[in-house]
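What follows is one structure encoded as structure tokens, with my remarks underneath.
Nothing in this text is a laboratory measurement; each read-out follows from the coordinates by a stated rule. All values reported here derive from a predicted model rather than from experimental measurement. With ideal geometry, Cβ positions are generated from the backbone for all residues, glycine too; neighbour counts draw on all protein chains shown.
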Amino acid sequence: MDKKTFYQTAITYTIIVLLAILLAFNYQLFIVNNGFAPAGLNGIATMIQYKTGFSIGYMSIIINIPLCVLAYFLLERNFAVRSLVFCLVYSFTFLFLQKLGLENFQYNADGHDTIYPVIISGLLSGIVYGFCFRSNSSTGGTDIVSKYINHKIPTLNFFWVTFSLNVIVAIISFFVYAEVDANGITTYNYKPVCLCITYCFVSSYMGNKIIKGTKTAHRFTIITTHPDEIMHDIQTILRHSSTKVNAEGSFSHGEKSLIVCVINKHQLLTLKDILAKYDNTFSFSETVNETYGNFKKIK
């Protein structure tokens, strides 16, 4: 392993460890005291802790080690190892936080305004899920199951597969969080189900946004008889390069030039002003979710 690869690997595992610690804090501070199951197999572990007192940390270890072993043979070795590291760090951190005593820092809605810890925990979990998968890792549980399904059926979006699996957890929570009064009468409440679905939606949405990337831009395709002038304006005014391709019109069969360029969102109006100066010019734009590659900066 060369030095560059070593540093990249060290950074990746550092990120995974920090994400695992963040998720453990998220569960301890915003989830366990607010009467809802978050998502996936960790959601089932949360319900087991709620009913029996058996820690989420221990349950996570019991569930995720076999899943990571299966992922090692059925999916990717790097993915499985990184997921295992995440799950172990998360479990031991959660167990440590339980003994640390963070009662004064926990968000305890006490049955009121529980939507706030759900939204906060959903956003934090979505951040963890998104960056985990950008690092070719996962939080274990249904993430590994969803990864396997996505591996078999690549057209399915990973986060919406996970969301579908989490609906099962929401249904189970309807029965787990039922209350029994002094007369032994069971009262079922839809609130935990709604909170679970809200959490799943927020975390799936945030994770999907992160995994798609935030380097959004706009790709312009310009058909014109003034290619040199427009390319010069794009380079000098917008500080972007462009690519020219010779083209032919289907009606007149006249020679045209097709220019392709990618610009930032805040440069849209400026490019439209540039194009408005030239006749025989037609263009259309498309949204680019993320840009890739290495390009030299031209002074």
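For the reader, a short list of remarks on this structure follows.
- With both labels modelled 7 Å from their Cα along Cα-to-Cβ, the K265 to R77 distance reads 4.2 nm.
- Full extension of the chain between I153 and K244 gives 29.0 nm of extra length, using 0.36 nm per residue less the Cα-Cα distance.
- Globularity index of the chain is 1.34 (Cα radius of gyration / 2.2 N^0.38 Å, N = number of residues).
- Spacing of the two label points (7 Å from each Cα toward its C-beta) at K99 and E229, in nm: 7.6 nm
- Separation of the I15 and V288 label points, Cα + 7 Å toward Cβ, nm: 2.1 nm
- One equal scatterer on each Cα of the stretch 170-299, no solvent, Debye formula: the resulting log10 I(q)/I(0) at q = 0.17 Å⁻¹ is -0.94.
- Which of S242, I223, L269, positive extreme of dipole for the stretch 217-288 (C-beta unit charges): L269
- Highest mobility in the GNM of the chain, judged by mean-square fluctuation with C-alpha springs under 10 Å and restricted to L41, L102, L195, is found for L102.
- Cα-derived Rg to Rh of the stretch 217-288, Kirkwood definition: 0.95
- Debye log10 I(q)/I(0) at q = 0.26, 0.28 Å⁻¹ for the stretch 20-71, Cα point scatterers: -1.06, -1.17
- Percent RCO, i.e. relative contact order, over the chain, from Cα pairs under 8 Å lying at least 6 residues apart: 18 percent
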